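See below for the structure under consideration.
The values are calculated or read from the model by the stated rules, or taken from the named source; none is laboratory data. Worth saying up front: this structure is predicted, and the values here are computed from it rather than measured. As a convention, Cβ positions derive from the backbone with ideal geometry for all residues, glycine included, and neighbour counts pool all protein chains shown.
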Amino acid sequence: MVEGEPLSTSGRYLAPGTGIGDAWAAEAAAGGGHGTQKIVRAGEVGAPERVAALLGLERAGTVIERRRVMYLDGVPCELTDTYYPWEIARDTALAGTAKIRGGAVRLMAELGHVGVRAQEDVAARMPTEDERVALALDPGTPVLELARLTLDADDQPIQVDVMVMPPRGQRLRYEIRIG
């Protein structure tokens, strides 16, 4: 790793842990920055086709969505949409726009849904116009899209995250254990 280069690892976002709550703020602080987030929308929606497939739902099945903009030192650096199966998240704080005390992962654990495995796909693509504007990108600048499916101990999908971020300053690290 190059000194001063940001490093994002997914593990801290998947485990209920010690209740640090805002894992993004903690990661940003560890790198010397100030991380904040704004929840711009939450509630019931028809699942986008890709999300429905990952969650094993019928096309446009109902899910709970939380849409957030992540900021590093006041600059938008990531758009994150998180989707939960309706049966898990309805009538919970996950369906609202207020911050969740202790974080969403902790709440999911309290509801009896703990992620034990995640699958991630990362792709480079051109942003939509809305994404370009939200991330303050120059025309022609690509984005990275990371889609994460979190599964419980019974291999049931409990969460899908779709994150869109500019490639500047991004480094994704994956550790793979075999055997």
Task: Within segment 101-118, considering residues that are without any contact (Cβ under 8 Å) to a residue 40 or more places away in the chain and assigned to a loop (DSSP other than H, G, I, E, B), the one surrounded by the fewest Cβ atoms within 10 Å (Cβ to Cβ) - done: Gly112
Open item on the list: Cβ-Cβ under 8 Å, sequence separation 6+ or interchain: first residue in segment 27-42 and closer than 13 Å to Gly74 by Cα, partner in a strand (DSSP E or B) and of a type in the set (Val, Ile, Thr). Which pairs?
Closed with: Gln37/Val69; Gln37/Thr80; Lys38/Val69
TODO: Being exposed (fewer than 10 other Cβ atoms within 10 Å of the Cβ) and farther than 16 Å from Gly56 by Cβ is the filter here, so list the residues in segment 139-167 that pass it.
DONE: Pro139, Gly140
Open item on the list: Can you find a residue that is touching a strand residue (DSSP E or B) at 6+ places or on another chain (Cβ under 6 Å), modelled with pLDDT of 95 or more and within 25 Å of Ala136 (Cα to Cα) anywhere in segment 82-96?
Closed with: yes
Open item on the list: Please verify whether Leu137 is in a loop (DSSP other than H, G, I, E, B) and hydrophobic (A, V, I, L, M, F, W, C), treating the condition exactly as stated.
Closed with: yes
TODO: Look through Leu79, Leu55 and report the one residue that is surrounded by 14 or more Cβ atoms within 10 Å (Cβ to Cβ), farther than 21 Å from Gln170 by Cα and in contact (Cβ under 8 Å) with a residue 24 or more places away in the chain.
DONE: Leu55
Open item on the list: Quick check on my filter: what residues within segment 141-162 are over 16 Å from Thr82 (Cα atoms), in a strand (DSSP E or B) and not hydrophobic (A, V, I, L, M, F, W, C)?
Closed with: none
